[in-house]
Every structure is written in C-alpha cells, then in structure tokens.
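What follows is one structure encoded as structure tokens, with my remarks underneath.
Every read-out reported here was derived from the displayed coordinates using simple, explicitly stated rules and does not represent laboratory data. The structure presented is a predicted model; accordingly, all values stated were derived computationally and were not measured. For neighbour counting, all protein chains shown are included, and Cβ atoms are generated from backbone atoms with ideal geometry for every residue, glycine included.
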Amino acid sequence: MTSDYARYLAAKTTVDDRALNRHVLAELRRLMPADAPRVLEVGAGLGTMVARLMDWGVVSAGEYTLLDADRQLLASSRRWLCDWAAARGLRSELLPDGLQVGDLRVRLVHAELGTYLEAAHEVLADALIANAVLDLVDVRAVLPGLLRLLVPGGVYWFTINYDGETIFEPGHPLDDQVMGAYHRDMDERIRYGRPAGESRTGRRLFHYLRAAEAPALAAGPSDWVLSAGPDGNYPGDEAYFLRSILSTIQNALQSRPDRVAPADLAAWLAVRDRQLAAGELVYIAHQLDFVGRSPG
Ligand SMILES: C[S@@+](CC[C@H](N)C(=O)[O-])C[C@H]1O[C@@H](n2cnc3c(N)ncnc32)[C@H](O)[C@@H]1O
C-alpha cells in the first residue's frame, strides 16, 4: 500500500468525525467497560480511530490492538500515532510490537482477517471495532467468527458501513450508469482470494447480526457529506479525499468497458474533476453504524 493511501486515510478522519452516528456512539460509551478494556479493531489502517476514541474520551487506558492486512500501513501508523500524541502533549513510546500512548498500550497485528479468524485465539476482546471495513469483506461469512473474538456479552461497534447510495451534485446524466457499474464491481470483488464486499452491506447487517444472535442495540446513519465552504475550499485535506474517491471509481471501471464506455467514463471524470477544482462538487455516501453485544 502506498503513502497515498495513508494520506487518504488521514484525510478521511475529519469526514468520519462528522459522519459517525452520535446516538450509536452514546450506546457504545454506555456499553464500553470502564476499566482498562481490551479493544480489538480489525482493518484498522493508520489507527485514526484509536486517536479519535482517546480524543473523545471513550478509551484512555487498557490495550488496543490494531489488526490490518497491510504491513506498510501498520508501520506508518506507529509514526502517525506518535505525531498525533506529540501534538496533544501526550507521552508516547515506540515498542517492538506497537507503542504506548499515555496509559494505553497499542499493539499492531499484521494479519488478513479471514486467516486470523481461522486460528484459535485465547485472549478475547472486551470491545470489537470495525470502521469502513465490513463492506470490504464477506461480512456474512466472517461475522460469526468475528463475534467469537469477543468475551460473551462483549460490545461491538461496526461503523461506516456503505449502503449502496451515492449522490454527486450537480447531477450528471451518466451518474446512474457509473454508480451502478461501480456497485456491481464491489459485489464481485475478490481480495486475498476471498469475496470482498457487498455494496449494500449497511442494510444487510441488520439481518446478518440477528442471524449471528447479536442483534443491534442501536443503529443509525453515518453518511459522508462533503462540500466546500463559503470560500470555495474543502475542509482539511478533504479535496484529496474526494479526488481519491473519484480515482477509486476510475480504477474499478476502466477495466470494464462493457459496463461504462471509456469515452463516457473519461467525460464523467473530467466534469467531476473540474467541479472538484472549482469547489462545486458535493459528495454524499449513505452508510450505517451499529452497536450491540456478542452472544451470551
Ligand atoms: C477503508 S480502510 C479503513 C481503515 C480504517 N478502519 C479507517 O477507517 O481509517 C480498510 C482497511 O481494511 C484493511 N483490510 C481490508 N480487507 C482486509 C482483510 N481481509 N483483512 C485485514 N484487513 C483488511 C485495509 O488494509 C485497510 O487498511
């Protein structure tokens, strides 16, 4: 994974900050064990969520494990989290398998989720987090194994689950064709030799969680909403984030000329790029957050 992807995840932080559903978050605060919990975050990327949860006072001590299939991203997370801690005057120390941030021990685990779930794990987590991840895996297949990583009755918080609706404004005549083709690509994607994603993960999680005997205790929307401010600039690094979204769509569709003709895709992207540069492009992605307890 390139440093471009790390920049994309860092740019996503302010977008997620606005999007995360506060009603669901309040339920997480209620369910999170007060004393030094063991938290496992899967598909943790750069580790921006552990920083956010410390900022928001949801975790401050205990152990927080970042699991990701991308070794380079995990390596970047050590530096990113140290810089984040320094900016807040928090003491941090690099350790062989992670780092110490204030009273929180952060462990880095390099593993592909499906493979990780196939192994036995003696130490279970009190809280399990997946942010912008469950729409990238075969969620129905992995959910029972994921929930078994929790102590009985442990809390899960599954957030930013894409739900098959994207809006670009101003509208363009090719929007439906482009997004329809992109959703098909999501539904057919294979990564790490396994099915990897479903474009309607959000709404389906209601049923999948119930089938796994862990129905949601709270759920709600966590839509990404991006627009430029009155000065025509996007907040933070969000123009980069939006450019990355357009690149993701481009990369997915340029090998599928049968679904969107190359000239149409190029024309659509040219218009979107121009609108982005002018601060005119609005982007909305519908997503859902869930919180609940593992069976037992
Ligand atoms: C969209 S990013 C989200 C990262 C982070 N949760 C965040 O919100 O900033 C998805 C992350 O999941 C990881 N990932 C995707 N599929 C995975 C898998 N099968 N096993 C482990 N990690 C995976 C990717 O490497 C990436 O870091």
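Quick notes on this one:
- In this simple spin-label approximation, T248 and R88 carry label points 7 Å from Cα along the Cα→Cβ vector, and these lie 2.5 nm apart.
- Using the Cβ-Cβ distance between A34 and Q72 with R0 = 45 Å, the FRET efficiency computed as 1/(1 + (r/R0)^6) comes to roughly 0.80.
- With a Förster radius of 45 Å applied to the C-beta separation of A141 and A277, the computed FRET efficiency comes to 0.60.
- Potential extension, D258-F206 segment - 0.36 nm per residue separation minus Cα distance: 15.4 nm
- For segment 19-168, the fraction of alpha-carbon pairs lying more than 19 Å apart is 52 percent, rounded to a whole number.
- Taken over the Cα atoms of the chain, the convex hull encloses 130 Å³ per residue.
- Normalised by 2.2 N^0.38 Å, where N is the number of residues, the alpha-carbon radius of gyration of segment 174-248 equals 1.46.
- Between segment 202-238 and segment 2-76, the alpha-carbon center distance in angstrom: 15 Å
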